[in-house]
Amino acid sequence: METAVYDLWFDPNSVGGDMVAECWISHGPRANNVDFDPAPGDWLTVGDGDEAPLRARVIKRQGDRVSVQIELSASSAAVA
């Protein structure tokens with residue numbers, strides 16, 4: 001299992017062709033961080049617990065639910 005830290009957890013099986021993933025702050029590694037307040041346009045790192053974290057841009061937020069679009073490119077893996 002990858003030990004790198006990421007901002008939000010996502011289920012890779014739920015990512016569509018548009019590379020959008022739904023994440024829940026309360027289910028992620030920063031759930032207890034009261035200062036974590038992602039907003040549309042912010043860049044974060046997302047991970048699934050098995051692979052290296054990826055960069056993703058917040059496209060929508062509704063309370064605890066955050067929609068991100070994962071960036072896939074040769075340089076998209078987050079640098080540890």
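Each reported figure results from applying straightforward, stated rules to the coordinates on display, with no laboratory input. Given the structure is predicted, the values throughout are model-derived calculations rather than measurements. Ideal geometry is used to build each Cβ from the backbone, glycine not excepted, and the neighbour counts take in all protein chains shown.
Remarks
- Listed candidates (1) 1.04; (2) 1.40; (3) 0.99 - label of the one calculated as Cα Rg over 2.2 N^0.38 Å: (3)
- Charge dipole (Cα centre; +1 on Lys/Arg Cβ, -1 on Asp/Glu Cβ; no other charges) of the chain amounts to roughly 220 debye.
- Taking the fewest neighbouring Cβ atoms within 10 Å as the starting point, the ordered list for V46, V34, V68 is V34, V46, V68.
- Fewest neighbouring Cβ atoms within 10 Å first, the residues D64, D18 line up as D18, D64.
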